[in-house]
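First up is the structure itself, then whatever we jot down about it.
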Amino acid sequence: MNVSTSRCTRCEKKLDHSLDICANPEKYDQSSRAMESMGSVQTVMDIWNNCPDAYVAAIVTDEDATTRSKLSHSMSELVAAGRMTEAERRYLPEKVGNLGGKRPGSGVLPLEHPYIIKHSDPIHYIKNYKGEIYIQVYLPKSKSETCKADAMRLSRNLSYMIKQQRPGGGNVDSTFEIFQAAGEASFEHHWNNHEHCGDWCQAISWTEEEKEKNKGKFRDKVKNEREYHQQLKVKNKYLSPVRMRRCYHEFCNNKTEQLHGFVVNVFLPKRSYFCRTICGRARTYLAMSIDSLGFEEYYKQLYPALGMTMSSATKRYFQQHDRKRILDRNYANRPERKTKRAKRKLEEISKAWKTEIEDKANGHTYRSRMAAPTVEGIEVSPNGGAEESSTPFCRACGNYGHQLRTSKKCTKNPSNKHYQGTYVERVREFVSCVVSKYSYSASLNVSTHLSYTLYV
């Protein structure tokens with residue numbers, strides 16, 4: 001295990017101290033962003049150098065590009081060693097006959113180290129997919145009508161598919177071809193296309209009457225054509241054969257995320273700062289030791305090493321902690337608890353979808369500029385907004401048909417008969433006009449008073 005920090009209080013104050021109490025003994029001077037990738041490389045190399053019968057053959061990451069690129073071989077070294085041609089190192093050519101640009105090749109693995117297979121963590125993969133859909137949810141309704149229920153249903157379908165069809169899942173006869181077809185079904189099922197669905201889909205056996213009755217449960221490709229193509233782009237990005245191949249495995253990062261939560265929530269809370277002293281390193285070691293051995297076993301070994309004796313009350317306290325961790329884990333893994341969590345998620349999706357349908361039926365929908373004042377000469381599109389694609393837009397008044405405040409159509413232009421300047425602006429303009437007219441016979445204070453009286 002590697003713990004890195006870029007700061008040390010004693011080093012910053014230039015105090016004499018040993019490396020045992022130095023928070024940054026490696027004198028790490030790079031950015032915090034690079035710590036994860038460099039720590040991964042150091043861990044892999046420690047196993048390679050210190051364990052003659054073991055090496056890292058595959059890793060499971062959250063599709064962090066930096067970590068993946070660092071845990072690779074340098075392309076320039078591969079070309080120099082004759083294991084890669086110069087043409088293989090280049091990108092696909094933009095034009096036929098061109099070689100294209102060179103790949104950066106920032107890997108640091110030695111050539112004698114075997115190639116490391118890069119897998120994607122399914123949980124992070126689904127979260128990224130869901131996040132892309134949520135981007136469309138938060139867009140203005142004039143640009144996208146994708147709702148929260150769409151994102152929840154699509155991510156749920158993909159989650160069920162990956163858990164059931166990947167190796168070690170519910171389907172023991174699954175292959176990558178079946179896995180890929182199931183990914184296609186997870187998206188098309190949402191859009192009422194059940195060509196790729198399996199026995200789990202009830203809509204396959206529906207009669208025409210049942211299809212008509214339940215047509216509101218699915219999206220319509222004709223009525224929501226724009227949203228379909230928007231979501232299709234996300235689907236083509238994440239459900240491509242290359243990216244799905246990375247998810248076709250039986251591993252995950254659940255243990256890593258559990259350890260991270262255990263360290264951060266208990267020993268290194270974010271409200272406190274421990275990284276400038278050895279305290280952060282010590283707390284991390286403590287958390288990892290307790291997670292590996294348990295409270296009782298760890299302190300059984302620690303107390304004698306410190307010359308201390310564990311009392312019976314302290315022992316019972318550690319035993320209670322261990323028992324509670326085991327009970328919580330077993331309780332969360334019960335089938336009835338998993339079923340209850342799935343039902344609660346389904347209820348949330350159904351509620352969001354029902355709310356969306358009721359709001360549309362009652363006319364409680366959002367349209368761009370639906371309550372804004374209209375201006376003569378501005379045509380409004382059927383969806384409630386002006387024709388943004390072809391009509392220029394003015395940021396000063398917020399109307400379409402012109403771009404600048406100096407235009408006679410702009411309501412912020414004083415020459416416009418529909419001038420909508422503020423009270424202060426109108427008074428100021430009138431004052432300046434009167435002052436310039438009567439400046440030969442009156443002072444500024446008198447003319448200001450006169451202009452204000454005339455305005456009122």
Open item on the list: Just checking: which of the helices (runs of 4 or more DSSP H) contained wholly in the stretch 80-182 hold 1 or more residues that are out of contact with any strand residue (DSSP E or B) (no Cβ under 6 Å at 6 or more places or on another chain) and within 30 Å of Lys217 (Cβ to Cβ)?
Closed with: 122-137, 148-165
Task: Out of Arg226, Arg271, Arg219, sole residue that is more than 30 Å from Asn2 (Cα to Cα) and in a loop (DSSP other than H, G, I, E, B) - done: Arg219
Task: Of the criteria (1) touching a helix residue (DSSP H, G or I) at 6+ places or on another chain (Cβ under 7 Å); (2) loosely packed, with under 13 Cβ neighbours inside 10 Å; (3) closer than 30 Å to Asp173 by Cβ, which one Val242 fails - done: (1)
- [ ] Would you check if there is a residue in the stretch 96-104 being surrounded by fewer than 18 Cβ atoms within 10 Å (Cβ to Cβ) and within 26 Å of Gln42 (Cβ to Cβ)?
- [x] yes
Task: Tabulated pairs, the stretch 130-147, first in contact (Cβ under 8 Å) with a residue 40 or more places away in the chain, second crowded, with 18+ Cβ neighbours inside 10 Å and aromatic (Phe, Trp, Tyr), C-beta under 8 angstrom, 6+ apart or interchain - done: Glu132/Tyr238; Cys147/Trp353
Open item on the list: The conditions are (1) of a type in the set (D, E, K, R); (2) crowded, with 17+ Cβ neighbours inside 10 Å; (3) not assigned by TED's automatic domain parsing to the domain that holds Lys223, and Glu112 fails exactly one of them. Which is it?
Closed with: (2)
Task: Pairs, first over 16 Å from Ser106 (Cα atoms) in the stretch 74-86, second not in a helix (DSSP H, G or I), C-beta under 7 Å, six or more apart - done: Ala81/Leu111
Task: Positions within the stretch 309-361 being more than 30 Å from Arg219 (Cβ to Cβ), among the β-branched types (Val, Ile, Thr) and assigned to a helix (DSSP H, G or I), in sequence order - done: Thr314, Ile326
TODO: Would you mind stating whether Tyr125 is surrounded by 12 or more Cβ atoms within 10 Å (Cβ to Cβ) and in contact with a Phe, Trp or Tyr (Cβ under 6 Å, 6 or more places away or on another chain)?
DONE: no
Task: Tally, over the stretch 18-43, of residues that are surrounded by 15 or more Cβ atoms within 10 Å (Cβ to Cβ) and over 27 Å from the mean Cα position of the chain (by Cα) - done: 5
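Table: residues versus (1) modelled with pLDDT of 85 or more; (2) over 21 Å from Arg283 (Cα atoms); (3) in a helix (DSSP H, G or I).
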site: Met1; (1), (2), (3): no, no, no
site: Arg10; (1), (2), (3): yes, no, yes
site: Asp16; (1), (2), (3): yes, yes, no
site: Lys27; (1), (2), (3): no, no, no
site: Gln30; (1), (2), (3): no, yes, no
site: Ala34; (1), (2), (3): no, yes, yes
site: Gln42; (1), (2), (3): yes, no, yes
site: Ile47; (1), (2), (3): yes, yes, yes
site: Ala54; (1), (2), (3): yes, yes, no
Task: Number of the exception - His260 against (1) modelled with pLDDT under 90; (2) assigned to a loop (DSSP other than H, G, I, E, B) - done: (2)
Task: Top-ranked residue of the stretch 299-308 - restricted to ones that are free of Cβ contacts under 8 Å to residues at least 12 places away in the same chain and in a helix (DSSP H, G or I), ranked as surrounded by the fewest Cβ atoms within 10 Å (Cβ to Cβ) - done: Ala305
Open item on the list: Which pairs turn up if I take residues in the stretch 100-121 that are in contact (Cβ under 8 Å) with a residue 24 or more places away in the chain and look for partners that are in a loop (DSSP other than H, G, I, E, B) and among the charged types (D, E, K, R) with beta carbon separation below 7 Å, at least 6 apart in sequence or on another chain?
Closed with: Ser120/Glu63; Asp121/Asp62
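The values are calculated or read from the model by the stated rules, or taken from the named source; none is laboratory data. The model shown is predicted, which means the values in this text are computed figures rather than measured ones. Note that each Cβ is placed from the backbone with ideal geometry, even for glycine, and that neighbours are counted across all protein chains shown.
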